[in-house]
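Read the structure below first, then the notes.
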Amino acid sequence: MKQILSLTDLSNDLFFEIFDYLDVLDLFQAFFNLNQRFNLLVIDRHNSFQANMISLKSYKFSIYKNFILPHIACYIRYLSISDELNYLQIILQSISFTNLLSIKLYHVKLKELKIILQHCQLKYFFIDTNYIQNEKHLNEIFKILFNQQLELSIMQCHFHTNLYFIEEKNKLSKLRRVIIDCDCFSSDFIVLISQLRELRYLNARINDYNREYMDKDIDHLTGNESLHSLILHIENIELDRLLLIFSLMINVRIIDLNGTIDFDINHVLELERNYTSFRYMNYKFLSLNFLYIIGLIFFLNGFLLTRRVILQNSIGTFPLSIPIEFNQVILIVIDALRYDFIKPNNDSITNNYLNQMPFVQELLEIKSKQSILLRLIADPPTTTLQRLKALTTGTLPTFIDISYNFIGYEIQEDNILNQLIKSSYQRNISLLGDDTWLALYPNIKFKHLYVYPSFDVHDLDTVDNGILKHLWTVIEDTRHEQLSFIIAHFLGVDHCGHRYGPLHIEMKRKLNQMDDVIRNISLSFNKSNSSSLLIVIGDHGMTQQGDHGGDELNEIETAMFIYTNKPNYFLSLNQNEKTVSQIDIVPTLSWFLHILIPYSSLGMMIIDIIPLEQRYIAMKLNFEQIEIYLKHISLTLSLSDKLQELRANLHTIFISFDRERNLTMIENLFNEFKFELQTHFRLQWSTFNVYRIIIGLILMLISCLIFLLIFMKLFNYENIIFNISLTLMYFVISFSNSFIINEAMCLYFFLQTIILISKMKILKKFLLSFLLFLTRTFLICREEQQPYCIDSIWLIKKFSDTSDYFLSFMATIVWLIILILTCNYSYLLPYISYICVVGYWFNIPYILSIFYLSIIIQICFVLLNPNHFDKLIYSILIFVVGYRFSFVIFLQYFIYYIIFNNNNNNNNNNQSFSLFLSILADYFFYATGHQPVLSQIRWTAAFPTLNSSINIYLSLIINSLIVRGIFILIETFSGQILNVIVIRKLYQKK
Amino acid sequence: MNMSIGFCYLQLIGITYVISVLMGAPLLTDILQTLMFSIYIVLIGFTPIIISLKGNLHEIYNFLFQNEFYLIISTSKKFFYMRNLVWGTIIGAWLGAIPIPLDWDRWWQQWPITCLVSSTIGASCSIIISYLWLWIRNKQKYNEDIE
């Protein structure tokens, strides 16, 4: 092999090869005048050149004109030039291109065009000009093109005017590919396709507006056999014309129709064949959507388990034969008290949570007839709210409790506190500690009430110290009265777990503190004469990291400790470790409190801790309640055979015979029934139907794949790797709970990435990402994000009056801008509802009724003319979104406006644009202050504070379930709804 | 010329800072950390390109985004490396944001640690990969020549 040391060592052929790839200017600048050899090489090679003269600077043009073109003009084959600065005119005065084969002309004028067309035989012709507007001149050009340029095979024309080129007989023969981007009449179009014998591909626009009828030449038309693909944009065309056009094209395989027509396209469908894609075939998409929706229904049916809430209360009287056992009952709830925190542990391991409650252990040993420790198993989800609900109503949790009322947390079902109020004994209730109880029971009148907010997880002591400050006085105060029930909910252990985890030294301190509380209460019991009962329970456990919420054993395992000052009360107890379900506390507690068991409780009494002589009556009471509930619930739920059998057995024992005999047998039967009942209902309410979920997912996947197949050929392969990887990441995210919790930020991150990568002007990019950045301040935190995430200050309710007025003032301006941009002044109704809502924000009475009226009138208008639908949606959105989040809606609107406006090239048709839009819609779900959690649904949208008396019929409508539901749906998905409406509107405008 | 290079460094650091805040870095807290992060990114990723394009920010932008014009330049080995280095650093830093929201409660999950580490990894990987790429290409060409 010969060593190549410098460029000149290369052979001439190699250079020719290189030169083929270079533009003339680069070629000359790089190689001309280097030495004799290169001059010869560059100029004397009898080959083709390509000259790209678009957007030339004037000095470069002078180089072209003076140095390059005189040498090589006759060899140029490919020329692209823009004639804005009259370059072509200057060139053509001195130089002629004889070998030109393909030409691209921008902004060319008639004279120069004619010169070029008369001197060259072109194969490829591209023109984009708006200097030629006159119909006569256009006709001339086409005459030349069709009659003289016989070699022409590809033609692409963009004239910014209407076009018609009726000519008698054209000689054009070899054109294979034609793109005409200006409106022409259908008759011209027909002439064109019937004369171009070799045409394969045609892209044209037909507009029959203002057409004089010239149907003379229709008679002697022949079909075109070579045309394979056709892209048509049609406006104002008649059906028979369109059919005529279709009937002329015999072999068309690909057809793509765009535009607007005012007749039923299905006629055409019946008549025509061979279409592979047809944009008007809406029914296909409808059926696909239908498939998707069926899949979704299957999925939801399997996934979202529902339980019907029965809003009935237990009625009847407590058996009179049982005396009131306890005057004072103290329920101490220690949040996140895991079983091994309190259990006596004989292992030699010492750490900060084992054996840290010595007094409890002491009590268990010394006063074993008065105290008892049980292992409680809670049902997942192990969050405080859900556990408290179970602890008072005795129900098992499901995803959704179908209820007849929308109001947030409040417990509607029958529960212990409700029964206490209803009972004839007038036991007074006191509450200390966690304020979650108040959210659950806003309507209960507590005798003593000392609650503290629970949201600050870092604060270990405020709630506990607050309780301890008041607990002793409350106990003393209520002791002298007849009957009392005290609830104290300590949060310190839970917060310590969240902040430090169970292994930290703080845990030892908190547990010792709890131990002290129990000690003091037991001491105060010993001093008093009246019989008292202390129940210490944990609502859930915690993992080794100190978190809770899931169904790990550490999380569901918690403890129950009972102590009474009645001697020998728990006499007949075997001291083994016993495990009971958490809901079993409900009937047991009702028994001790001497009240009826709540109606929908599924708990069964912990029979072992009830004195032997009362057990039969207790079991009977419990069974009667369950029997009533089962009768009610079995209308909608099926019960298993075994359960039915046991139920029948117990029914004979308790109700048919009602005689106390062979207690152990009954107890065994009762326990078996309890086990069967609870497992059965857990299965019903907390096991997903996996088959339905899989069927649903498969159906949805199939419909997505079919969509993909249909749209495959519309794909633009630009940025495909980036888009696919982003989509995949979006998909994978949903498999990790940390990403689901932080989904808002993930979507935000994706959006910013797409903006960063996209090909837009820098200023526009920056504006878009800055607007997105502003929306970030409106994201609200999920419960799980709590320690690291702080809600923005204006999202917290009623920050201050002035700021509220400021926000609503901002919202007023913002909505006015949106309305002006979207709605005509002639259609006044949205403005009326806008004014009403603004008035409502500024507390003007009676004004909201006008709003509702205007909405009703608008609905009537929409029924008459569906075009007004988006305006209706806007006017509902104003009210529903509220002033707090109006600014986000405005930002969203603004973002779309920027994306769609001043964007005159077709860049936005690629998929990264559509990916952007779809992620944007999802993101704005979060940005409008939502989280996909049931507890974060903003019910306020459905419950306006009406400070006026509204007409009775109107209020009937407003308060109806459907209206409220629709309002909440619109509020929740306002981002997505706005997405659809705005895209549709702005896209049409383009 | 040295002035313009230094000025270009400052500009790029500012741009990186703004972009990282826009992409989700905290605005009011951790200002120093974000600044350090952007300085680091610019130092390891952009230094060769700044010096070889003599600190012309416009040309750097064109070089990174509008690849049509610079296609010819970037076929040269040097620019191939530089281009891959910049993109490797950026992609590395981007991927570094992934572990931040995970709930593992590790000290290194704090902003900007993961991003720093992964941008370093991305930069080095990009150099290694482009070296291997060129090596394989050369070998193929060599084999073709022999045949």
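Quick notes on this one:
- Considering only alpha-carbon pairs that sit under 8 angstrom and 6 or more positions apart, the relative contact order computed for the range A:822-904 is 29 percent.
- Flagged links, alpha-carbon separation over 23 Å, of A:Lys367/A:Lys674; A:Lys60/A:Lys114; A:Lys389/A:Lys447: A:Lys367/A:Lys674; A:Lys60/A:Lys114
- Ranked for footprinting exposure by Cβ neighbours inside 10 Å, fewest first, A:Val963, A:Val690 give A:Val690, A:Val963.
- Out-of-range pairs (alpha-carbon distance over 18 Å; input A:Lys343/A:Lys510; A:Lys761/B:Lys78; A:Lys765/A:Lys985): A:Lys761/B:Lys78; A:Lys765/A:Lys985
- Cleavage-rule hits (GluC sites (Glu not before Pro)) in the range A:462-517: DSSP loop, at most 16 neighbouring Cβ within 10 angstrom: A:Glu481
- Other protein chain C-beta atoms within 10 Å of residue C-beta, averaged over B:101-112: 3.
- Placing unit charges on each Cβ (+1 for Lys and Arg, -1 for Asp and Glu) gives the range B:3-146 a dipole about its Cα centre, and among B:Asn84, B:Gly24, B:Leu102 the Cα reaching farthest toward its positive end belongs to B:Asn84.
- Of the trypsin sites (Lys or Arg not before Pro) in the range A:425-455, those whose Cβ has at most 15 other Cβ within 10 Å and which sit in DSSP loop: A:Lys445
- With contacts taken as Cα pairs under 8 Å and at least 6 residues apart, the range A:328-609 reaches a relative contact order of 36 percent.
- Residue exposure sequence - A:Thr652, A:Thr395 - by fewest surrounding Cβ within 10 Å: A:Thr652, A:Thr395
Coordinate-derived values only; no laboratory data. Values in this document were obtained by computation on a predicted structure and should not be read as measured data. Because the Cβ atoms are built from the backbone with ideal geometry, glycine has one as well, and the counts that use them run over all protein chains shown.
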